[in-house]
Amino acid sequence: MKLPSRIVDISVTLDNETVLDPPSMRPHIEYRTNSENAWMLLEGFPGLRQEDLPNGEGWAFEVVNFSTHNGSHMDAPIHYQSKTIDGGHMMSIDEIPLDWCFRPGVKLDFRHFEDGYIVQPGDIDAELQRIGHALQPLDIVLVNTRAGSMIGTDEYLTAGCGIGRQATLHLTGRGVRVTGIDAWGWDAPFAHTRRRWEETGDPSIIWEGHYAGREIPYCHMEKLANLEQLPATGFVVACFPHKIKNGSAGWVRAVALFD
């Protein structure tokens, strides 16, 4: 078996410092060191002294308080709505078919679109024509926006374009079931959508790319990274989500594999 010669990590690192979420949603990691935890071994072996342990240390571990939507993660259809538009079942993350998560990848380069722009079906077709790719069922479509270059800054939360309802259905209607984006969300940043809503009063523009999953259930990954390092095609994406019972999302260590 010939393995790919390159692996690009397209997941972000989860830490206490990097700005990836609004303040109220950020994770907290408590690091408990080897030396701090030596007592656990001593307690389990009466008579054992700390100086008997290598460097006087036991095991390190971390206590993490965070959401299933922190860091690079995959949203399950149930995140968008409890039922499909016709009352059918919406899958939780533990119900996602694994064969959706290891498929050929396609990268759409939308870094040139202004922040808050709503991607339309024609934009997708134009990009596919530019890169010379005919979309296939179950292709994993990754969207590279300007937000990827803003990871870790306060600007990240308002940077990048978003994928509209029609553009999402344009993908899912052609058999795509997993997508991903390097922005905070699949939709345009809320700051831009809020301004449009204040001008129009139209509630259908709010979270429209997510809500498209009511019509054709699909999964998307958010807060990806390093998409600019990928070719447009010719790679495979591996993105298996953590299996959380009835979960609306699962953390994912997504990677791209290619020669």
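Read-outs: derived from the displayed coordinates by stated rules, not from any lab. Model, not experiment: these values are computed from the prediction. Cβ atoms come from the backbone with ideal geometry, glycine included; neighbour counts cover every protein chain shown.
General remarks:
- Counting lysine pairs in the chain that sit 8 or more residues apart in sequence, or on different chains, and whose Cα atoms lie under 21 Å apart gives 4.
- Positive-end residue, the chain charge dipole about Cα centroid, Cβ charges, pick of Ser248, Trp184, Met91: Met91
- Descending by average beta-carbon neighbour count within 10 Å, the peptides 137-144, 205-212, 192-199 line up as 137-144, 205-212, 192-199, the highest first.
- By average C-beta atoms within 10 angstrom, highest first, the peptides 4-10, 177-183: 177-183, 4-10
- Options (i) 15.0; (ii) 13.3; (iii) 17.8 - which one matches mean projected area of the Cα convex hull in nm² as calculated here: (iii)
- Shape category assigned to segment 111-231 from the gyration tensor of Cα positions, a/c cut at 1.5: oblate
- Sorting 85-94, 66-75 by their mean Cβ neighbour count within 10 Å, with the most densely packed peptide first, gives 66-75, 85-94.
- Relative exposure of Phe102, Phe45, judged by other C-beta atoms within 10 Å (fewest first): Phe45, Phe102
- Rounded to 10°, Cα long-axis angle of helix 190-200 versus longest principal axis of the chain: 30
- Total charge dipole magnitude, the chain, about the Cα centre, Cβ charges on Lys, Arg, Asp, Glu only, Debye to nearest 20: 700
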